[in-house]
Amino acid sequence: KNQVEQSPQSLIILEGKNCTLQCNYTVSPFSNLRWYKQDTGRGPVSLTIMTFSENTKSNGRYTATLDADTKQSSLHITASQLSDSASYICVVSVPWEDSNYQLIWGAGTKLIIKP
Amino acid sequence: DVKVTQSSRYLVKRTGEKVFLECVQDMDHENMFWYRQDPGLGLRLIYFSYDVKMKEKGDIPEGYSVSREKKERFSLILESASTNQTSMYLCASSFFGQGGYTFGSGTRLTVV
């Protein structure tokens, strides 16, 4: 069964600190992996996308890594800011019929940055 | 920028009412999706559409129907709202063959 599991479920850190969020998936075949940021009461917004051959991708203070062999991804946030408080969702794309895609969503990690 | 607009941010409806959630996108995307999001669960796909008048069931279609009469508009219909349909509903769109979705801001529906 295609699944995406994220850990931790929630995380509280002090402003300025770094943190790492984990994503493990059992999806096959694999097309790409995305990390989304979802602010409270808003729809998710894409942060990074990585294909099978990519190991790391950065977007400002966000760095995503991918190990396709172990089927693990991580999202590292550097020098956290209060605006980083949000849910972070890992999503894996699976090829679907007629060149379309199906998305398998993780449940997300709720990150709280305290001043 | 692609814009996906959901007609209501908050809705409160009574059990048994028929509820319409509207979603409009302005970038000529072929694919449109309706998800619901509940605490502790990932986004769950209700229905999606890859063309006008086309619809496909997602993972949890029971109790819902959809309508796509125009390319830019995708409506989610709760035929007879129930309390277990209290949730955040998210609409998304994308080009056919691409997994990058653009989401609306969501509609928080409460059924009392």
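Some points to look at:
- Kirkwood-Stokes translational diffusion coefficient of chain B, alpha-carbon pairs, 37 °C, 0.692 mPa s, µm²/s: 237
- The range A:1-92: chymotrypsin sites (Phe, Trp or Tyr not before Pro) in DSSP coil with no more than 16 other Cβ atoms inside 10 Å: A:Phe52
- Dimensions of the protein assembly as shown along the principal axes, based on C-alpha atoms and rounded to the nearest Å, stand at 47, 42, 35, largest first.
- Mean accessible surface per residue for the range A:57-100, computed with a 1.4 Å probe while every protein chain stays in place, in Å²: 43
- Trypsin sites (Lys or Arg not before Pro) restricted to the range B:4-112 and DSSP loop, no more than 13 other C-beta within 10 Å: B:Arg9, B:Arg14, B:Lys18, B:Lys53
- Expressed as a whole percent, the accessible area of the protein assembly as shown that falls on carbon and sulfur atoms is 49 (1.4 Å probe).
- Amide H contacts under 5 Å for B:Gly58, placed H, 5+ residues apart: B:Tyr47, B:Phe48
- Each of B:Val66, B:Ser94, B:Ser105 was placed along the dipole of the range B:52-112 (beta-carbon charges, centred on the mean Cα), and the one lying farthest toward the positive end is B:Ser94.
- Among A:Leu47, A:Val91, A:Asn2 the positive-end extreme of the charge dipole of chain A (Cβ point charges): A:Leu47
- Straight-distance crosslink candidates among lysines, where the alpha carbon sits under 21 Å from A:Lys17 and sequence neighbours closer than 8 are dropped: A:Lys37, A:Lys57, A:Lys110, A:Lys114
- Cα centroid separation - the range A:26-83 against the range B:1-51, whole Å: 24
- Chain pair A, B: total accessible area buried, heavy atoms, 1.4 Å probe, Å²: 1600
- For chain A, the average shadow cast by the Cα convex hull is 7.1 nm², which is a quarter of the hull's surface.
- Of all lysines in the structure, those lying under 23 Å Cα to Cα from B:Lys18, and not within fewer than 8 positions of it along the same chain, are B:Lys53, B:Lys55, B:Lys57, B:Lys70.
The values are calculated or read from the model by the stated rules, or taken from the named source; none is laboratory data. The model shown is predicted, which means the values in this text are computed figures rather than measured ones. Heads up, the Cβs are rebuilt from the backbone with ideal geometry, glycines too, and the neighbour counts pull from every protein chain shown. These area figures cover heavy atoms from the full protein model, side chains too; ligands, DNA and RNA do not enter into them. Shrake-Rupley method; radii C 1.70, N 1.55, O 1.52, S 1.80 Å.
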